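Report on one structure; see the data block that follows.
Every number in this text was worked out from the coordinates using simple rules, so none of it is lab data. Bear in mind the structure is a predicted one, so any value in this text is a computation, not a measurement. Cβ: placed from backbone, ideal geometry, glycine included. Neighbour counts: every protein chain shown.
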Ligand SMILES: *Cc1c(COP(=O)(O)O)cnc(C)c1O
């Protein structure tokens, strides 16, 4: 027995100030019940959501340019996800795959092995969160290679557990006061075209030379288990590595029997206009971590990789009580079915085609927009002081964001310097809402600059 999907009118609607009185009341309860370490970007409490709209407890309807950080890629309460989850939750909710297994887990693994880059034989293991997937990818890489060092990049974000805090670059708020961190993690520069000292055109070659020098001189290739990289950096500010950089790193890894781990947790599952962002650079990683968009909002993550690497771990070495929970697996199967049957790879490209020209127009008008970048429905603008001054402008980001939020447009920020607007709309959003959201963004710049 399933309840029918409640359609939400795809329209922005402001009935009260944002946040409204009911949200305010809930936020007061939050302050006295929830740790203040868990903060909220926009304290509007949500009741229902679908398409490109979030409905709050005051009856306001907000345009969603965030997808709960790239998670509800197929849309909130996507019909195929709802149906599969309702059926699964009524059948059984948990047995623990390590005790008495079930088909849904195997089917998700088969699907991931099929969809991730490369035609080689693969295996997958399922977990709950992105951080857990990254931790397990490192465990697997160390176990297979018998080596310990892991190379991570400037501006990287890989999670908030102890090992992934060590892999994450940014101190505040992710690491501050939380050390000591795991060791055998080494950091190298990212090929960040907009801020590369030698200029964007030299970025890939120079960053690659620094990378190989640093690993050789400070770590040693034969001590290095893996290089871990986001094919487009997420929290770091949607930094698209200079063209060719990923391929150079990938070829070098193969030459030295070092594993390449692509963290596709934010970029995966149609988000960038491909199933996975590595495909743009024809890079086939040894291991891929996925989470976020994988299951339409339910907690699920995975490591997928070369069969010989994934099978090198001793029996019982990988797992966890909830990893690959049957309800989360059912949601993933519903989400992936939606991506295929609604051609969400194509939709992400359409979203880019609407967004990008308008962001570029805005950048032509406002010298404080220093860079427009990203792929598909993963786009960003980086704010600076002016045309000839790349000093990060976090203050302007704050003003423009506050304006967008007050007008019922949910936008997210990012960046090591807190000066990047990132756009991650659900792929279920309509063209009209995208354009309306961009109108609000334009007004916000006009009011703030
Ligand atoms: C969000 C994210 C993670 C961590 O995922 P959680 O589910 O929050 O643990 C890791 N890597 C990348 C690239 C991410 O965007």
Assuming 0.36 nm per residue, please report the length gained on full extension of the stretch residue 171 to residue 402 beyond their Cα-Cα distance.
80.7 nm
Footprinting exposure proxy for 135, 279, 87 (fewest neighbouring C-beta atoms within 10 Å first):
87, 279, 135
Per residue and in Å³, how big is the convex hull formed by the alpha-carbon atoms of region 1-141?
184
Size of region 66-197 as Cα extents on the principal axes (Å, biggest first)
54, 39, 35
Using the count of nearby Cβ atoms within 10 Å as a rough guide to exposure, how do 165, 190 rank from fewest to most?
165, 190
Using 0.36 nm per residue, how much length does the chain from residue 95 to residue 7 gain when fully extended, once their Cα-Cα distance is taken away?
28.3 nm
Reciprocal of mean inverse Cα separation for region 80-341 (Kirkwood radius, Å)
18.7
Taking only the Cα positions of region 146-194, the convex hull volume per residue in Å³ is 81
Per 10 angstrom bin, beginning at 0 and ending with the bin that holds the maximum distance, the Cα pairs of region 365-444 fall in percents of 18, 52, 27, 3
Using just the C-alpha positions of region 1-73 as equal point scatterers, what log10 of I(q)/I(0) does the Debye formula give at each q in 0.13, 0.15, 0.18, 0.23 1/Å?
-0.44, -0.58, -0.79, -1.09
Scaled radius of gyration (Cα, divided by 2.2 N^0.38 Å) that the chain gives:
0.96
Give me the one-decimal nm value for the distance between modelled label points at residue 187 and residue 110, 7 Å along each residue's Cα-to-Cβ direction.
4.4
Between the modelled labels at residue 36 and residue 435 (7 Å from Cα along Cα→Cβ) the distance in nm is 4.6
Simple spin-label estimate for residue 364 and residue 218 in nanometres, 7 Å along Cα-Cβ:
4.2
Least to most buried among 375, 187 (fewest other Cβ within 10 Å first)
187, 375
